[in-house]
Amino acid sequence: ITPSLIFLMLFFTFCRVDVRSMRLQPLHLWLLTAQIVFSVAVYGILLPFSPTVAQGGMICVLTPIAMAAVVIGGMLGADIVSMTTFSLLCNMTIAVVAPFILSVVGSGDCSLAVILARVAPRCRALIPKVSGWVAAHSQISFYLWLVSLTVIIGRTTTFILDHPEADGAVETALAATALVICLVQFRFGRWLGRRYGDAVAGGQSLGQKNTVLAVWMAQSFLDPISSVAPTAY
């Protein structure tokens, strides 16, 4: 069910995007650069201590912005158009970059096609009436996100219970790493956003992650125990 929920969240969010209204901003490029560079840096820093913790920390940074971030950002006063633009840019960029990174640090089974299939729906030109209805009800993605979080937390909890041989110290380190990374990303994102007049957009764009996608990638292409980090995040 997880890949289907990922697809539906992205589908409902991106169907409302009008490409003509999108404007690339310097903030978007800085956020995206920070996300990719920090993910590699976190992996390199943590690798000497534990490959599993390094994978968990990396996926917490590499994962693209959450679909609900645009909704939450709007509630907090952020620029919705700017966040939607970054959401589309971030998800498409990570779909291209992630397979290369995951194939190096993980199982090697990750491909562009596997991830892109979850983040690249094509509907506006082919069935505009359906697309219009979806765009008008894009808030459904928020409730899909809530359902997805419930499913993913349950899935990871079950995985841990079914594998009692997993090292408790590693799991604790994964959760602690997720906490630190979460605080740093929100803080750094707000700092970047403040420099361009929208601290809320910066913080939510860099800090609020698509944890459902993160857990799916961790369990599919990395050490499955590393999924504790994005679940804790």
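The values are calculated or read from the model by the stated rules, or taken from the named source; none is laboratory data. Treat the numbers as computed from the prediction; the structure is a model and nothing was measured. Don't worry about glycine lacking a Cβ; one is built from the backbone with ideal geometry, like all the others, and counts go over all protein chains shown.
Just checking: which of the helices (runs of 4 or more DSSP H) contained wholly in segment 27-108 hold 2 or more residues that are within 12 Å of the chain's Cα centre (by Cα) and either among the basic types (Lys, Arg) or at pLDDT 80 or above (or both)? Working first, answer last.
Working: elements: 51-62, 68-75, 80-105.
Result: 51-62, 80-105.
Do we have any residue at all in segment 162-175 that's touching a residue at least 24 places away in the same chain (Cβ under 8 Å) and within 28 Å of Gly73 (Cα to Cα)?
Yes, segment 162-175 has at least one match.
Given the residues Ala175, Ala117, Ala136, which is the only one that is modelled with pLDDT of 75 or more and not basic (Lys, Arg)?
Working: Ala117 fails: modelled with pLDDT of 75 or more; Ala136 fails: modelled with pLDDT of 75 or more.
So the residue among Ala175, Ala117, Ala136 that is modelled with pLDDT of 75 or more and not basic (Lys, Arg) is Ala175.
Report every pair of residues separated by at least 6 positions or lying on different chains whose Cβ atoms are under 6 Å apart, first residue within segment 40-57 and surrounded by fewer than 19 Cβ atoms within 10 Å (Cβ to Cβ), second part of a helix (DSSP H, G or I).
Within 6 Å, the pairs are Leu47/Ala54.
Any residue in segment 145-163 that is within 19 Å of Thr63 (Cβ to Cβ), touching a strand residue (DSSP E or B) at 6+ places or on another chain (Cβ under 8 Å) and modelled with pLDDT of 80 or more?
Within segment 145-163, none of the residues are within 19 Å of Thr63 (Cβ to Cβ), touching a strand residue (DSSP E or B) at 6+ places or on another chain (Cβ under 8 Å) and modelled with pLDDT of 80 or more.
If you take the residues in segment 196-233 that are over 15 Å from the mean Cα position of the chain (by Cα) and free of Cβ contacts under 8 Å to residues at least 60 places away in the same chain, which one is farthest from Ser87 (Cα to Cα)?
Going through the qualifying residues, I end up with Gly197.
Between Ala218, Ala214, Ala199, Ala232, which is in contact with a Gly (Cβ under 6 Å, 6 or more places away or on another chain) and either among the aliphatic types (A, V, I, L, M) or closer than 25 Å to Pro99 by Cβ (or both)? It would help to see each step written out before you state the result.
Numbers: Ala218 fails: in contact with a Gly (Cβ under 6 Å, 6 or more places away or on another chain); Ala214 fails: in contact with a Gly (Cβ under 6 Å, 6 or more places away or on another chain); Ala232 fails: in contact with a Gly (Cβ under 6 Å, 6 or more places away or on another chain).
Being in contact with a Gly (Cβ under 6 Å, 6 or more places away or on another chain) and either among the aliphatic types (A, V, I, L, M) or closer than 25 Å to Pro99 by Cβ (or both) holds for just one of Ala218, Ala214, Ala199, Ala232, which is Ala199.
Hey, can you tell me all the residues within segment 178-231 that are among the basic types (Lys, Arg) and farther than 21 Å from Leu88 by Cβ?
We begin by selecting, within segment 178-231, every residue among the basic types (Lys, Arg); these are 187, 190, 194-195, 209.
If the condition is that a residue be among the basic types (Lys, Arg) and farther than 21 Å from Leu88 by Cβ, then Arg187, Arg190, Arg194, Arg195 are the ones that fit.
Each row is one residue, and each column tells you yes or no for (1) small (Gly, Ala, Ser); (2) within 15 Å of Ala66 (Cα to Cα).
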site: Leu144; (1), (2): no, yes
site: Ser148; (1), (2): yes, yes
site: Ile153; (1), (2): no, no
site: Thr158; (1), (2): no, no
site: Ala169; (1), (2): yes, no
site: Thr172; (1), (2): no, no
site: Ala178; (1), (2): yes, no
site: Leu183; (1), (2): no, no
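Which of the following residues is surrounded by fewer than 22 Cβ atoms within 10 Å (Cβ to Cβ), more than 21 Å from Cys182 (Cβ to Cβ) and not hydroxyl-bearing (Ser, Thr, Tyr): Ile80, Ile101?
Working: Ile101 fails: more than 21 Å from Cys182 (Cβ to Cβ).
Only one candidate qualifies: Ile80.
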